[in-house]
Amino acid sequence: KSPFKKDKPLPVNVIRDISLPVEVENVKIKDGLIVYAERHGKSRREGTLFLNNVNATVSNIKNSNLTIADSLKLDFKADLMDAAQISLALEESYLDTLSGFLLKAQVGSVNLDFLNSVLVPFANVKIASGNLDSISFKAIGRQDLAFGEMQMHYNKLRIKLVKDGDPEVSTFLQNVISVLANAFVIKRSNSKRKGLMYFEHLPKQSFVNYIIKTTFSGIASSVGVASNRKYIKKYNRALK
């Protein structure tokens, strides 16, 4: 059976399923490099994110003598795409039947075009201009969905639709839509407005994919592409 067709459990479930007893106080990563690549399901174009200067601590790795207070913890700092500093903190409960977790993150100032390595192949959208002052967010998730709130402060944002994942090629219609989107949909700047985050996790998606897609949902609502109201409706419907 192909490994790509198997369900991918969240981190605490992976640790709990180890056949031997495990109890590790912490594991430290120093000056590491992480590369994440994914292919679009239809076009097969590849989007890539990388983090260097990774310094992280994973704490309380265990699958025995668990109590209700036990959580897997991750504290993480790195440079995202050689462009922005990112810090992230994650806690995931061992005994929560839905594998509940709390995620907090901050990203420093950067030119927004660093997102193009992912946006272009996956959404046929290119950041033409824009400067990020900061991103901070907090999300609560579980094995089936995540919901949170993002503060994304930026200015001078402009986007451009592109053809077949080629950042240099756009059709006439795409150019027209880009002009309309920049005029009536995309919010050029933001210094106060909050964006919501909402994403439904599929069992075959990796945890990293889950976090990335949840983060991008917050970016989409912050810039006006997605609606906070629709996210709330989807969240309430999923809870029911």
With springs only between Cα atoms under 10 Å apart, run a GNM on the chain and tell me which of Met152, Met197, Met81 wobbles the most.
-> Met81
Once you sort the root eigenvalues of the Cα gyration tensor of segment 94-228 as a ≥ b ≥ c, which label holds: rounded (a/c under 1.5), prolate (a/b larger than b/c) or oblate (the other case)?
-> prolate
Residues with amide H under 5 Å from that of Ala226, placed H, sequence gap 5 or more = Ser221
Restricting attention to segment 11-54, which trypsin sites (Lys or Arg not before Pro) occupy a DSSP loop and are surrounded by at most 10 other Cβ atoms within 10 Å?
-> Lys42, Arg44
Sites matching GluC sites (Glu not before Pro) across segment 133-240 that sit in DSSP coil, with at most 12 neighbouring C-beta atoms within 10 Å = Glu168
Which of these values of percent of Cα pairs over 27 Å apart was calculated from the structure shown: [x] 40; [y] 59; [z] 44?
-> [x]
For helix 228-239, report the angle its Cα long axis makes with the longest principal axis of the Cα atoms of the chain; keep it between 0 and 90° and round to the nearest 10°.
-> 30
Quick one: accessible area per residue over segment 15-116, 1.4 Å probe, rounded to a whole number of Å²?
-> 59
Residues whose placed amide H lies under 5 Å from that of Val162, excluding near-sequence neighbours = Val125, Lys126
Calculate the spin-label point distance for Lys73 paired with Asn52, positioning each point 7 Å from the Cα along the beta-carbon direction, and give it in nanometres.
-> 3.1
How much of the accessible area of segment 59-159, in percent, comes from carbon and sulfur atoms when a 1.4 Å probe is used?
-> 51
Taking Cα pairs closer than 8 Å and at least 6 residues apart, the relative contact order of the chain in percent is 15
R0 of 41 Å, Cβ-Cβ distance Thr97-Asp133: FRET efficiency to nearest 0.05 = 0.55
Trypsin sites (Lys or Arg not before Pro) within segment 111-198: DSSP coil, no more than 12 neighbouring Cβ in 10 Å = Lys192
In sequence order, what are the phi-derived ³J(HN,Hα) couplings for segment 139-150 according to the Karplus relation 6.51 cos²θ - 1.76 cosθ + 1.60 with θ = phi - 60°, rounded to whole Hz, with x for glycine and proline?
-> 9, 10, x, 8, 5, 10, 7, 9, 9, x, 9, 10
From phi via Karplus (6.51, -1.76, 1.60), per-residue ³J(HN,Hα) for segment 188-195 in Hz, x at Gly/Pro | 4, 9, 8, 10, 9, 4, 9, x
Normalising by the residue count of segment 84-194, find the relative contact order in percent from Cα pairs under 8 Å and 6+ residues apart.
-> 22
Summing +1 for each Lys or Arg and -1 for each Asp or Glu, what net charge is found among the other residues whose Cβ lies under 14 Å from the Cβ of Ser59?
-> -3
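The values are calculated or read from the model by the stated rules, or taken from the named source; none is laboratory data. Here the structure is a predicted model, which means the values were calculated and not measured. All Cβ positions, even for glycine, are placed from backbone atoms using ideal geometry, and neighbour counts span all protein chains on display. Areas reflect the complete protein model, heavy atoms only, side chains present, ligands, DNA and RNA absent. Shrake-Rupley method; radii C 1.70, N 1.55, O 1.52, S 1.80 Å.
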